[in-house]
Amino acid sequence: MACFLVAAALGAVTTVFGKSIPEKYHIGWLNIAIWGSVLALLVEHIWHGEVVPWIPFLTAMNDPGDTSAMLHEMLTIGVPMMLSAVLVWGAAVILYNRLTDADAKVIDASG
């Protein structure tokens with residue numbers, strides 16, 4: 001229903017504040033992963049009729065009874081998806097930085 005909104009909120013924050021985050025954290029990698037997944041999920045939700053081009057855009061918001069189900073989905077699916085993406089990005093950044101630091105040490109030792 002609206003699980004992609006959790007990732008979109010994180011993507012908005014990382015896009016706005018991305019310039020203030022040091023380059024060694026490769027925030028662009030996270031932005032690509034987030035916005036790519038948001039786009040894919042948006043297309044999937046449109047395909048299944050859960051997102052429509054008229055207000056309120058989310059079909060779950062048409063009926064007040066569906067709002068709690070939507071919020072539950074955001075908490076149980078959207079948040080874990082977002083955390084998984086952040087964990088994978090974090091692991092990639094750590095691995096990349098360790099490998100490039102090791103390469104730099106090898107070059108310094110041989111030079």
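The values are calculated or read from the model by the stated rules, or taken from the named source; none is laboratory data. All figures in this text were calculated on a predicted structure; none of them were measured in a lab. Here the Cβ is made from the backbone with ideal geometry for all residues, glycine too, and neighbour counts use every protein chain on show.
Of all residues being under 14 Å from Ala9 (Cβ atoms) and of a type in the set (Val, Ile, Thr) in the range 34-76, which is nearest to the chain's Cα centre (by Cα)? Just the residue, please. Top of the filtered list is Ile34.
Considering only the range 62-74, I want to know if a residue exists there that is under 27 Å from Thr100 (Cβ atoms), among the small types (Gly, Ala, Ser), in contact (Cβ under 8 Å) with a residue 12 or more places away in the chain and surrounded by 11 or more Cβ atoms within 10 Å (Cβ to Cβ). Full working, then the answer.
Taking the range 62-74 first, the residues under 27 Å from Thr100 (Cβ atoms) are none.
Checking the range 62-74: not a single residue is under 27 Å from Thr100 (Cβ atoms), among the small types (Gly, Ala, Ser), in contact (Cβ under 8 Å) with a residue 12 or more places away in the chain and surrounded by 11 or more Cβ atoms within 10 Å (Cβ to Cβ).
Filtering the range 86-105 to residues that are of a type in the set (A, V, I, L, M) and modelled with pLDDT of 95 or more leaves Val86, Leu87, Val88, Ala91, Ala92, Val93, Ile94, Leu95. Restricting the range 25-73 to residues that are part of a loop (DSSP other than H, G, I, E, B) and acidic (Asp, Glu) leaves a set whose member that is modelled with the highest pLDDT is Glu50. Number of residues in the range 85-102 that are of a type in the set (S, T, N, Q) and loosely packed, with under 12 Cβ neighbours inside 10 Å equals 1.
So that you can scan it fast, the table gives a plain yes or no per residue for (1) more than 24 Å from Leu75 (Cα to Cα); (2) of a type in the set (A, V, I, L, M); (3) touching a residue at least 24 places away in the same chain (Cβ under 8 Å):
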| residue | (1), (2), (3) |
| --- | --- |
| Val13 | no, yes, no |
| Tyr25 | yes, no, yes |
| Gly28 | yes, no, no |
| Ile32 | no, yes, no |
| His45 | no, no, yes |
| His48 | no, no, no |
